[in-house]
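Structure first, commentary second.
The values are calculated or read from the model by the stated rules, or taken from the named source; none is laboratory data. If you're wondering where the values come from, they're calculated on a predicted model, not measured in any experiment. Using ideal geometry, Cβ is built from the backbone for each residue, glycine included, and neighbour counts are taken over all protein chains shown.
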Amino acid sequence: MKSPLLSLPGAVPAEGADEGVAAHYGDIFREQRELAAGRAFTDLSHRGVITVTGPDRLAWLHLLLTQHVSELPPQHATEALILSPHGHVEHALYLVDDGTTTWAHVEPGTQPALLEYLERMKFMYRVEVADATERFAVVHLPAGNPAAAAGAAAVRELPYGRDLFLPRGELAEQAKEFGSPAGIWGYEALRIEAHRPRLGFETDHRTIPHEVDWLGSAVHLNKGCYRGQETVARVHNLGKPPRRLVFLHLDGTEEVLPAHGTEVRLAAEPEGRALGFVTSAARHHELGPIALALVKRNVPVDAELRAGGVPAAQEVVVAP
């Protein structure tokens, strides 16, 4: 869905998965600095919005999700996954419950498949699931942004900021109260810096939660059964996920960032076999070019790497 904020001065539309919102508004690094300082906001109105209502909603979601949500307190933000029977990540949901409705935002374009799955799993539970994307838009305010959220239908309070669910028709007017706009490129740079995984970027068809550090934020290891739990428990007990997420400091002399899927190899063996691939990359206002990558578990943690032709020093995100 095309955001009305693309009409703001300097807005340059994003492409690919983030089509529909601004990549930036003309000054990428200033926008990042303003986000980091809590004086800006990011338009995430291209993301899907799902609502779940009904008296059984939390008990029902508890059966389906990797997170413990049966007693989720009102206004308490969390995140959760839906896994395949083999434990591979299929959906990532960013949740909050307001006491009567559970709100979730999800990756752009994933809500139809998610809604179809949830509808199939309703059985006799007293729940109603809806795609609310056309009616509500998501906006992110970073930590420190003092803007009021009086017009929001729901708010996810997070350590690094707030996600607001706003009536879509009020987005343009309410955005005037949130400070200066910062495009999705700035938001993504801060996400990569914080090592937060993103579905479809840090994941592929065989990703399990352990590989991308989702155990700490999106998986509850002491709850009852859910689809894929056997894989989660087995890999957790063995402590050996096949791949691990790493943070890369990229050589700043290269003009082009490595694209998603760029193969990662040992710097000492540039023609050797690929050990992984770049998942996300960005130019950070302080750190320079940075990236996240998935590599084989047995890649030495002190090994110098190359992302395509770009030298890269790694930091451990998921320990081998």
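Okay, residues lined up against (1) in contact with a Phe, Trp or Tyr (Cβ under 6 Å, 6 or more places away or on another chain); (2) surrounded by 19 or more Cβ atoms within 10 Å (Cβ to Cβ); (3) closer than 28 Å to HIS86 by Cβ; (4) touching a residue at least 24 places away in the same chain (Cβ under 8 Å):
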{"site": "PHE247", "(1), (2), (3), (4)": "no, yes, yes, yes"}
{"site": "ASP251", "(1), (2), (3), (4)": "no, no, no, yes"}
{"site": "VAL256", "(1), (2), (3), (4)": "no, no, no, no"}
{"site": "ALA267", "(1), (2), (3), (4)": "no, no, no, yes"}
{"site": "GLY272", "(1), (2), (3), (4)": "no, no, no, no"}
{"site": "LEU275", "(1), (2), (3), (4)": "no, yes, yes, yes"}
{"site": "VAL278", "(1), (2), (3), (4)": "no, yes, yes, yes"}
{"site": "ILE290", "(1), (2), (3), (4)": "no, yes, no, yes"}
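Among the listed residues HIS220, HIS195, which satisfies the condition of being crowded, with 16+ Cβ neighbours inside 10 Å and at positive phi? I'd like the intermediate steps shown before the answer.
Values: HIS220 fails: at positive phi.
Sole residue among the options that is crowded, with 16+ Cβ neighbours inside 10 Å and at positive phi: HIS195.
Look at ARG126 and say whether it is in the same structural domain as SER70 (by TED's automatic domain parsing) and farther than 15 Å from ARG47 by Cβ.
Values: in the same structural domain as SER70 (by TED's automatic domain parsing): yes; farther than 15 Å from ARG47 by Cβ: yes.
Yes.
Exactly one condition in (1) farther than 21 Å from VAL318 by Cβ; (2) in contact with a Pro (Cβ under 9 Å, 6 or more places away or on another chain); (3) surrounded by fewer than 18 Cβ atoms within 10 Å (Cβ to Cβ) is not met by LYS240; state its number.
Looking at each condition in turn, LYS240 falls short on (1).
Please work out which residue is farthest from the chain's Cα centre (by Cα), limiting yourself to region 105-121 and to residues that are buried (at least 17 other Cβ atoms within 10 Å of the Cβ) and within 16 Å of LEU63 (Cβ to Cβ).
Looking at the filtered set, the residue picked out is LEU118.
Just for strands (runs of 3 or more DSSP E) wholly inside region 122-167: which have at least 1 residues that are over 17 Å from the mean Cα position of the chain (by Cα) and under 19 Å from GLY54 (Cα atoms)? Please lay out each step first, then the result.
Working: elements: 128-131, 136-142, 154-158, 161-167.
So the answer is 128-131, 154-158.
Can we say GLY239 is at pLDDT below 95 and within 17 Å of ARG191 (Cα to Cα)?
So GLY239 fails the test.
Residues of region 188-242 being touching a Leu at 6+ places or on another chain (Cβ under 9 Å), part of a helix (DSSP H, G or I) and polar (S, T, N, Q), which ones?
Listed by number, the residues that qualify are GLN229, THR231.
Could you pull out the residue among GLU269, GLU177 that is among the acidic types (Asp, Glu) and either in a strand (DSSP E or B) or in the same structural domain as ALA153 (by TED's automatic domain parsing) (or both)?
On the way: GLU269 fails: either in a strand (DSSP E or B) or in the same structural domain as ALA153 (by TED's automatic domain parsing) (or both).
Within the list GLU269, GLU177, the selection yields GLU177.
Does region 83-93 hold any residues that are crowded, with 20+ Cβ neighbours inside 10 Å and more than 14 Å from ASP204 (Cα to Cα), and which are they?
LEU93
With ARG39, ARG33 as the choices, which residue is within 10 Å of PRO181 (Cα to Cα) and touching a residue at least 60 places away in the same chain (Cβ under 8 Å)? Outline the logic, then answer.
Numbers: ARG33 fails: within 10 Å of PRO181 (Cα to Cα).
Just a single option satisfies the conditions, and that option is ARG39.
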